[in-house]
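What follows is a single structure, written as structure tokens, with notes after it.
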Ligand SMILES: [Zn+2]
Ligand SMILES: [Zn+2]
């Protein structure tokens with residue numbers, strides 16, 4: 001089956017700031033091109049592209065790695081980064097210093113801070129791995145595969161998505177927020193900015209394991225004399 005990974009490359013690899021397909025307009029009587037979509041990757045001539053409501057920040061990196069695509073709720077992901085930073089500062093640094101002054105003068109505060117910074121890095125790396133990875137966006141097939149059409153049992157499991165105009169396999173579902181069909185869609189997670197599906201499920205699971213371990217570690221350390 002075709003994925004967004006396959007389809008975007010053909011149009012994106014030659015995309016430049018001045019191509020005729022971008023969403024810009026001519027200003028000043030047609031003397032200056034004003035781009036409406038500005039990307040973070042204009043340094044190499046590539047523009048941001050959209051798939052549904054997701055933004056491909058750099059089509060080349062996306063084509064090679066399936067990373068560099070952010071969902072419609074990316075501000076919520078930034079909130080998680082700020083939240084973990086503030087929580088690490090309060091519980092990892094401030095609380096540890098207070099505790100070392102009044103409760104446990106002989107405790108290893110430095111080691112505790114190193115552990116907290118390590119968890120902070122790991123959590124945010126996994127957060128970005130989930131939030132900036134293709135969750136499994138489908139752009140095909142446009143026609144029912146022959147092996148499905150010839151098998152009544154299989155045919156029953158396939159549906160047609162009128163919005164994406166593609167055929168959905170048994171595990172593919174459409175997301176109203178992302179406005180695309182996702183392979184093995186689990187759910188749409190605003191905190192991850194996008195859907196959690198086949199592509200980013202592994203990173204999402206490790207993100208959850210890591211923050212839970214960090215949370216338990218912080219609570220135990222806080223109340224352990
Ligand atoms: Zn769809
Ligand atoms: Zn979604």
Query raised in the report: Residues that are more than 12 Å from ligand 2 (Cβ to nearest atom): which strands (runs of 3 or more DSSP E) entirely in region 137-225 hold 3 or more of them?
Result: 159-161, 166-168
Query raised in the report: If we scan region 98-116, do we find a residue that is crowded, with 19+ Cβ neighbours inside 10 Å, outside any loop (DSSP other than H, G, I, E, B) and modelled with pLDDT of 90 or more?
Result: yes
Query raised in the report: What do you reckon, is residue 85 modelled with pLDDT of 75 or more and within 17 Å of the chain's Cα centre (by Cα)?
Result: no
Query - Residue in region 46-65 that is more than 21 Å from residue 195 (Cβ to Cβ) and at pLDDT 95 or above present - result: no
Report task. Kindly provide the set of residues from region 146-170 that are surrounded by 14 or more Cβ atoms within 10 Å (Cβ to Cβ), free of Cβ contacts under 8 Å to residues at least 24 places away in the same chain and out of contact with any strand residue (DSSP E or B) (no Cβ under 6 Å at 6 or more places or on another chain), ordered by number. Result -> 148, 154
Report task. Taking the residues in region 136-151 that are touching a helix residue (DSSP H, G or I) at 6+ places or on another chain (Cβ under 8 Å) and within 13 Å of ligand 1 (Cβ to nearest atom) as candidates, determine which candidate is farthest from residue 68 (Cα to Cα). Result -> 140
Query raised in the report: Just wondering, is there one or more residues in region 174-182 that are touching a helix residue (DSSP H, G or I) at 6+ places or on another chain (Cβ under 6 Å), farther than 21 Å from residue 87 by Cβ and surrounded by fewer than 19 Cβ atoms within 10 Å (Cβ to Cβ)?
Result: no
Query raised in the report: Does at least one position in region 205-213 carry a residue that is surrounded by fewer than 15 Cβ atoms within 10 Å (Cβ to Cβ) and either in contact (Cβ under 8 Å) with a residue 12 or more places away in the chain or more than 18 Å from the chain's Cα centre (by Cα) (or both)?
Result: yes
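The values are calculated or read from the model by the stated rules, or taken from the named source; none is laboratory data. The shown structure was predicted, so the numbers you read here are calculated from the model rather than taken from an experiment. In this analysis, Cβ positions are derived from the backbone assuming ideal geometry, glycine residues included, and neighbour counts consider all displayed protein chains.
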